[in-house]
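The structure appears below as structure tokens.
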Amino acid sequence: MKKKYVIALDAGTTSVRAFVYDIQKNLFVHGAQQDVCQSFPQSGWVEQDANEIYYKAAYALNDCIAFAGAENVAGIGIANQRETIVLWDRVTGEPAAPAVVWQCRRTSAFCAAIEQEVRERIAAVTGLVPDAYFSASKIKWLLDNCEQPKTLLNRGRLCAGTVDSYLLYKFTGEFATDYTNASRTMLFDIRKLCWDKTLCDYFSVPTEILPRPMPCDAHFGVMRAGGAEIPVAGVMGDQQAALFGQACLHAGEGKITYGTGLFLLFHTGEKCVRPREGLLSTIGCAVNGKVTYALEGSAFNAGSCVQWLRDGLGFFETSAESERLACSVENSGGVYFVPAFTGLGAPHWDADARALFCGITRGTTRAHMTRAVLESIAFNAKELAACMERDSGLCLSCVRCDGGASANDFLMQFQSDVLGASVDRPAQRESTALGAAFACALSLGLTDEREIAARRVSERVFTPSPEREKYAALYAQYQKAVSRAMS
Ligand code: ADP
């Protein structure tokens with residue numbers, strides 16, 4: 001094989017990372033990372049600068065291309081934070097407004113007021129629940145409130161897309177997205193695989209400003225770098241990429257990602273399951289001419305709570321220290337935390353809920369509070385898993401894990417105990433980047449699905465404690481705390 005590397009770009013919420021993947025060795029041989037800023041201009045608002053995302057992505061990508069040698073790179077795969085919306089000028093490529101980030105709640109009042117008929121259409125066509133989380137209302141808000149996008153729209157120069165589509169435009173000049181990212185906009189028909197005109201009209205989003213949706217393993221465009229032409233041949237939303245990177249290729253296989261937020265995705269095969277419990281139905285993967293679906297439960301805050309203890313409250317210096325602190329006490333001392341800084345996602349969808357600690361006594365220490373925060377992440381995942389089991393009829397016996405906070409052994413063991421299922425942590429923890437690399441390698445004919453499945457190796461499997469009742473009682477207490485946090 002002449003070109004032995006694929007480069008995976010993981011444009012996440014807090015950082016942009018690029019990795020050089022050696023196809024034969026199934027190994028990342030080099031990585032480059034750039035942190036990305038977020039701004040919080042008002043309560044519940046979250047913005048980013050799309051230019052910063054682009055420059056940092058280009059820096060990380062070029063670092064990797066220089067390491068590998070452009071002539072040795074077969075292609076580039078992109079995975080990205082989903083739902084975050086960028087508006088830009090088709091002529092200059094310059095952003096026309098701040099990027100509105102997936103966590104941003106500025107449109108929650110608008111979404112809460114969506115009429116029943118439209119809510120039903122959203123559920124039936126897009127698989128989503130009407131919420132500020134998804135891109136549609138963010139685009140509407142920018143068009144209603146910002147001058148430059150309006151002017152560009154009138155001149156026929158406006159482009160609107162998720163982060164993948166902006167990066168693709170900047171790197172290759174093509175205006176496209178993949179089905180998994182499109183499925184998070186609340187404007188995409190996940191069965192017919194096209195923009196839904198009725199919903200686009202409802203949100204006043206002209207379909208002309210939206211990118212062309214393509215399968216994840218399409219040939220998206222060509223990037224010129226180091227004197228070579230490198231195809232961008234794989235694009236996936238980060239959670240779907242993690243599902244693919246974890247080799248969850250069949251119905252019933254699933255993963256939980258513990259990053260800034262928490263994302264549980266379960267493969268439902270070629271069947272698009274209609275969720276009943278506030279979960280989402282979404283496109284899981286679209287490769288080899290086949291579209292498969294997933295049930296998804298997402299929580300807006302998980303690792304971000306640990307980050308808050310670290311940076312906001314100064315409890316410790318590094319997120320990893322949360323483990324030692326949590327293990328320094330036998331239990332949370334009756335303290336419960338509800339991770340609702342920006343409202344509650346599935347299954348509650350309560351935009352106005354806010355985080356709380358309860359059960360604090362004079363004896364409560366930082367250690368109890370830290371433990372309560374880590375436990376809340378696991379309880380939140382349990383809520384999602386319980387819904388997923390009810391909706392799909394599947395019985396969860398094993399779940400694969402990844403994301404920054406999956407490094408925390410205490411959290412993973414507690415998760416296994418609370419779920420009553422084993423939690424399988426892979427040797428290759430960068431599942432999102434791996435998914436992007438796999439999509440690209442598959443697209444270029446450098447691997448196949450059988451090989452992808454065979455390449456996954458477990459690093460550690462956490463198995464559940466037999467003390468089922470003890471954990472059920474703790475979970476019941478957490479659920480009481482959730483009801484107190486709700487608006
Ligand atoms: P994203 O891709 O969403 O930017 P990552 O997957 O990189 O996020 O995970 C980063 C998050 O994980 C941070 O919020 C951080 O606080 C948390 N985190 C990282 N390491 C640990 C750890 N050992 N224990 C608990 N949380 C951790």
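The values are calculated or read from the model by the stated rules, or taken from the named source; none is laboratory data. Here the structure is a predicted model, which is why all the values come from computation and not from measurement. FYI the Cβ positions are ideal-geometry reconstructions off the backbone, even for glycines, and counts take in every protein chain you see. Surface areas here come from the heavy atoms of the whole protein model, side chains and all, with no ligands, DNA or RNA. Shrake-Rupley method; radii C 1.70, N 1.55, O 1.52, S 1.80 Å.
Considering only residues in the stretch 86-101 that are surrounded by fewer than 24 Cβ atoms within 10 Å (Cβ to Cβ) and either among the basic types (K, R) or within 17 Å of the chain's Cα centre (by Cα) (or both), the one that is farthest from A11 (Cα to Cα) turns out to be R90.
Only one of these is in contact (Cβ under 8 Å) with a residue 40 or more places away in the chain, assigned to a loop (DSSP other than H, G, I, E, B) and not aromatic (F, W, Y): V205, V222. Name it.
Values: V222 fails: assigned to a loop (DSSP other than H, G, I, E, B).
Testing whether each residue is in contact (Cβ under 8 Å) with a residue 40 or more places away in the chain, assigned to a loop (DSSP other than H, G, I, E, B) and not aromatic (F, W, Y) leaves just V205.
Scanning the stretch 443-460 for residues that are open to solvent by 10 Å² or more (accessible area, probe 1.4 Å), touching a residue at least 60 places away in the same chain (Cβ under 8 Å) and out of contact with any Gly (no Cβ under 7 Å at 6 or more places or on another chain) turns up L446, T447, E449, A453, R455, R456.
Search the stretch 307-322 for residues being open to solvent by 10 Å² or more (accessible area, probe 1.4 Å) and within 24 Å of the chain's Cα centre (by Cα), and hand back the single one that is farthest from the ligand (Cβ to nearest atom). Don't jump to the end; show me each part of the working.
Start the filter on the stretch 307-322 by keeping residues that are open to solvent by 10 Å² or more (accessible area, probe 1.4 Å), which leaves 307-308, 310-321.
Next, only the ones that are within 24 Å of the chain's Cα centre (by Cα) stay: 307-308, 310-312, 318-320.
Numbers: Q307: 4, W308: 8, R310: 6, D311: 9, G312: 11, T318: 8, S319: 4, A320: 4 Å.
Only one residue tops the list, namely G312.
Residue by residue, here is whether (1) open to solvent by less than 10 Å² (accessible area, probe 1.4 Å); (2) in contact with a strand residue (DSSP E or B) (Cβ under 9 Å, 6 or more places away or on another chain); (3) assigned to a strand (DSSP E or B); (4) in contact (Cβ under 8 Å) with a residue 60 or more places away in the chain holds:
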{"site": "S406", "(1), (2), (3), (4)": "yes, yes, no, yes"}
{"site": "F410", "(1), (2), (3), (4)": "no, no, no, yes"}
{"site": "Q413", "(1), (2), (3), (4)": "no, yes, no, no"}
{"site": "D417", "(1), (2), (3), (4)": "no, yes, no, no"}
{"site": "D424", "(1), (2), (3), (4)": "no, yes, yes, no"}
{"site": "Q428", "(1), (2), (3), (4)": "no, yes, no, yes"}
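Among the residues of the stretch 475-487, write down those that are of a type in the set (S, T, N, Q) and part of a helix (DSSP H, G or I). Correct list: Q477, Q479, S483.
May I ask you to list the residues in the stretch 61-83 that are in a loop (DSSP other than H, G, I, E, B) and closer than 30 Å to V205 by Cβ? Within the stretch 61-83, Q81, R82, E83 meet the criteria.
Look at Q81 and say whether it is within 16 Å of the ligand (Cβ to nearest atom) and either acidic (D, E) or open to solvent by 30 Å² or more (accessible area, probe 1.4 Å) (or both). For Q81, the condition - within 16 Å of the ligand (Cβ to nearest atom) and either acidic (D, E) or open to solvent by 30 Å² or more (accessible area, probe 1.4 Å) (or both) - is not met. Restricted to the stretch 392-402, and to residues there that are open to solvent by less than 20 Å² (accessible area, probe 1.4 Å) and of a type outside the set (A, V, I, L, M), the residue that is nearest to the ligand (Cβ to nearest atom) is D402. Do you know which of the residues in the stretch 272-299 that are touching a strand residue (DSSP E or B) at 6+ places or on another chain (Cβ under 7 Å) and part of a loop (DSSP other than H, G, I, E, B) is nearest to A320 (Cα to Cα)? Per the criteria, the residue is L279.
Answer yes or no as to whether E253 is within 16 Å of the ligand (Cβ to nearest atom) and open to solvent by 10 Å² or more (accessible area, probe 1.4 Å). Explain how you work it out, then say what you get.
Details: within 16 Å of the ligand (Cβ to nearest atom): no; open to solvent by 10 Å² or more (accessible area, probe 1.4 Å): yes.
In short, no.
Taking the criterion of being farther than 16 Å from N26 by Cβ and part of a helix (DSSP H, G or I), the residues of the stretch 433-474 that qualify are S443, R468, E469, K470, Y471, A472, A473, L474.
Can you give me the number of residues within the stretch 213-232 that are acidic (D, E) and either under 25 Å from the mean Cα position of the chain (by Cα) or buried (at least 18 other Cβ atoms within 10 Å of the Cβ) (or both)? Steps first, please.
Of all residues in the stretch 213-232, those acidic (D, E) come to 217, 229.
From what's left, either under 25 Å from the mean Cα position of the chain (by Cα) or buried (at least 18 other Cβ atoms within 10 Å of the Cβ) (or both): 217.
Number satisfying all stated conditions: 1.
Of all residues in the stretch 308-357, those being out of contact with any strand residue (DSSP E or B) (no Cβ under 8 Å at 6 or more places or on another chain), more than 27 Å from L128 (Cβ to Cβ) and not in a loop (DSSP other than H, G, I, E, B) number 11. Taking the stretch 323-339 as the range and being away from the ligand (no atom under 12 Å from the Cβ) and open to solvent by 50 Å² or more (accessible area, probe 1.4 Å) as the test, the residues that pass are S328, E330, N331. Flag set for F266, criterion: crowded, with 24+ Cβ neighbours inside 10 Å and more than 16 Å from the ligand (Cβ to nearest atom). Do the conditions hold for V86, that is, is it assigned to a helix (DSSP H, G or I) and β-branched (V, I, T)? Taking the combined requirement at face value, the residue does not satisfy it. Quick one: count up the residues across the stretch 448-474 that are more than 24 Å from the chain's Cα centre (by Cα) and under 17 Å from A385 (Cβ atoms). Summing the residues that are more than 24 Å from the chain's Cα centre (by Cα) and under 17 Å from A385 (Cβ atoms) in the stretch 448-474 gives 7.
Looking across the stretch 13-42, the residues that are away from the ligand (no atom under 14 Å from the Cβ), in a strand (DSSP E or B) and either within 11 Å of D63 (Cα to Cα) or open to solvent by 10 Å² or more (accessible area, probe 1.4 Å) (or both) come down to V20, L27, F28, V29, H30, A32, S39.
For the stretch 345-374, a residue qualifies if it is within 25 Å of the chain's Cα centre (by Cα) and open to solvent by 10 Å² or more (accessible area, probe 1.4 Å), and the qualifying residues are P347, H348, W349, D350, A351, D352, R354, A355, L356, R371. Under the condition of being surrounded by 21 or more Cβ atoms within 10 Å (Cβ to Cβ) and touching an Asp or Glu at 6+ places or on another chain (Cβ under 7 Å), the residues counted in the stretch 105-125 number 1.
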